[in-house]
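Since every read-out is calculated from the coordinates, none of them should be taken as a lab result. Fair warning: this is a prediction, and the values are worked out from it, not measured in the lab. Cβ atoms come from the backbone with ideal geometry, glycine included; neighbour counts cover every protein chain shown.
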Amino acid sequence: MKVGIEAISIYSPRYYLDLKSLAAVRGIDAEKYYKGLGQERMAVVPPDEDIVTMAANAVESALEGIDFRSVDTLMLATESGIDQSKAAAIYVHRLVGLPSTCKAYELKQACCAGTAGVLAALALVQQHPQKKVVVVASDIARYGLGTPGEPTTGAGAVALVISADPKLVELSPDVGAYTADVMDFWRPNYMDEALVDGKYSIRVYLKALAESWNAYVKETGLDFTDHYRFCYHLPFTRMAEKGHLHLAKYSAPEGMGREALLEQIYSAQRYNRLTGNLYAGSVYVALTSLLESQEKLENKRVGLFSYGSGCMGIFYGGVVQPGYKKHLKEEKHRQMLGNRTEMPYGDYEVMYKNSLPKDGSEYMNNHYHVGNYRLAGVKDHKRIYEAVEREEQAPRSAPAVNSRSAPSKRSVSYP
Ligand code: HMG
């Protein structure tokens, strides 16, 4: 029986900072960001969006045309959790209107959590082929202002419908994994920004890649030449180049030159260059970017490497299905990434410094340019979410943050 990805949809916040603007303010040559890191833009999350609203947008879009009654489980992978107890998946479940028989919970292992969810989903669908599982990865990558990590900031969500009708990619449950207790990147509960030992994190990533690959080859009997394209976890897109050349050193056939190797990863980087790091969803944005490129991928095997700091690496793969192009949301993604509003550096810094009250006091957000859901505010320590009517969409330019206004009449209320 085939199992794998039936549908995939990404969501990116509607504002971005061009890394040229960041470079100008930080007094850094923009080429360091554009070429050295391979990043052009980073998504900026307005105050009325968070991992719940981004995930709800991605899930709603991924489930278009799918009978909600077939959805058995919603798993939300994140390392930007909003609550220590309640799963962000529960809010998403309600916002998109999934049935009460559908389970909903949250998963964590840094940027590897999305893949952990996909593997659990594959096993569930193998056992119950009539059921579908939605795995959504939603994150806000956040580093300190002026730190080396800052240009690798990003945000967004990606939702995958895993089922026994894999219209896009048949996934293999045979994986190679590597786990080790290291401190390359982490975020203590009392901090809003990640802490990272940047150069060390790159070395650990490469080690996890090599070890996962070796385990994968042993498990599957496949080798480098069985794979047509490779998608990597992309904290910044140059990481794919570092990873792929590293892997190729001891596994690619002799005579395969640099250009041919870079060709194997090129199409899977386009979207990530524009969104920045999505943490748990990053490798699936890379996969979406590849599937929605000009490449002809039918019946071709794609290798997928997921890396989560701390750390765990997983290498696995799948075969792109005949007719997959018909089932992509290419136009929607192209428009979403193309129609975002550029933010001047000053507004980015104001948004960065804006934070929700931590003492339970009431706070209502202005309307920004968002997708179909927004975080209206916070009251009594509870986040208030609401659906957005199209005609109520805010103007593209960003209003000032932190204003107080009356709660919206259309807030989705609790029973
Ligand atoms: P840095 O020290 O600012 O950068 O930090 P650099 O000096 O190493 O420069 C970067 C590259 O730009 C270098 O190229 C320079 O030569 C080049 P390389 O040596 O790598 O080939 N460069 C230029 N190129 C063109 N024109 C110029 C120019 N100047 C310099 N004028 C670092 C870079 C990535 C360390 C930093 O941004 C950082 O700490 N980022 C966050 C951590 C990270 O992304 N780590 C990646 C692996 S860990 C991971 O992926 C997990 C993660 O997603 C989290 C999770 O799992 O939850 C992060």
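Kirkwood Rh over Cα pairs of the chain into Stokes-Einstein at 25 °C, 0.890 mPa s: D in µm²/s? Don't jump to the answer; show the numbers that get you there.
Values: Rh = 21.4 Å.
Answer from the Stokes-Einstein relation: 115 µm²/s.
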Exercise. Highest first, please rank the peptides 313-324, 295-306, 225-236 by the mean number of other Cβ atoms sitting within 10 Å of their residues.
Key: 225-236, 313-324, 295-306
Exercise. Please get the size of the charge dipole for the range 165-232, origin at its Cα centre, with Cβ charges of +1 on Lys and Arg and -1 on Asp and Glu, quoted in debye to the nearest 20.
Key: 220
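Sorted by mean Cβ packing within 10 Å, highest first, what order do the peptides 351-357, 254-260, 37-43 take?
Ranked from most to least packed, the peptides come out as 37-43, 351-357, 254-260.
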Practice problem: Order these peptides, 89-101, 13-25, by their mean beta-carbon neighbour count within 10 angstrom, highest first. | Solution: 13-25, 89-101
Quiz item: Do you know the relative contact order of the chain, to the nearest whole percent, from alpha carbon pairs under 8 angstrom that are 6+ apart?
Solution: 23
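Could you give the size of the charge dipole of the range 4-341 about its Cα centre, using +1 on the Cβ of each K and R and -1 on the Cβ of each D and E, expressed in debye and rounded to the nearest 20?
For the range 4-341, the charge dipole is close to 340 debye.
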Self-check item: lysines whose Cα lies under 28 Å from that of Lys32, excluding same-chain neighbours fewer than 8 positions away
Solution: Lys20, Lys199, Lys207, Lys242, Lys249, Lys353
